[in-house]
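Chemist: I'd like to ask you about the structure that follows.
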């Protein structure tokens, strides 16, 4: 898997990278939110698909952008640009992007992801064992269930979410564990 990690603690970031590379994952690191967005955009441009028009000129088609990373792991609190703003930017570029927040503030992060992103993301509470992160990244079953929740959330996006709707979403997320 291709993994982009944004983590401002260099020792932590390197530990993530080493552990994931030992499992044969390709890992790119960003040390702050701005660097993460820049790296994501660079990779998106580098891997973008192009179609040709009737005169064989390349036409960039946003819908054809591949998922350049299988997962993006974001520290919730980072310098220059916090994880929530980074997630907003990435989801605008690719609404299907899988995002995992590594946060000590799980409830706050989850609530913010629903209210601000209108998207439920995966969360892992700091501090955690490296195996827990690796298992989460490699567990595609939970991610598929999360995608179903996001489809439900899309239906609700036309309305302001009520406290009851947020509670219902949180209950569904809790069942994923």
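Each reported figure results from applying straightforward, stated rules to the coordinates on display, with no laboratory input. Quick caveat, the model's predicted, so the values are computed rather than measured. Ideal geometry is used to build each Cβ from the backbone, glycine not excepted, and the neighbour counts take in all protein chains shown.
Chemist: Working out 0.36 nm times the residue gap between residue 38 and residue 14, then minus their Cα-Cα distance, what length gain in nm do you get to one decimal?
Modeler: Details: separation 24, 0.36 × 24 = 8.64 nm, distance 1.94 nm.
Net length gain for the segment: 6.7 nm.
Chemist: Then there is this: Using a simple spin-label model with points 7 Å from Cα along the Cα→Cβ vector, what separation in nm is obtained for residue 80 and residue 92?
Modeler: With each label placed 7 Å out from Cα toward Cβ, I get 1.8 nm.
Chemist: While we're looking at this one, here's another question. Gain in length, residue 116 to residue 168, computed as 0.36 nm per residue apart minus the alpha-carbon separation, to one decimal in nm? Let's see the in-between values first.
Modeler: Numbers: separation 52, 0.36 × 52 = 18.72 nm, distance 1.72 nm.
So the chain would gain 17.0 nm between residue 116 and residue 168.
Chemist: What is the extension gain from residue 46 to residue 104, computed as 0.36 nm multiplied by their sequence separation minus the C-alpha to C-alpha distance, in nm to one decimal? Could the numbers behind the result be given before it?
Modeler: Values: separation 58, 0.36 × 58 = 20.88 nm, distance 3.35 nm.
Taking 0.36 nm per residue and subtracting the Cα distance, the gain is 17.5 nm.
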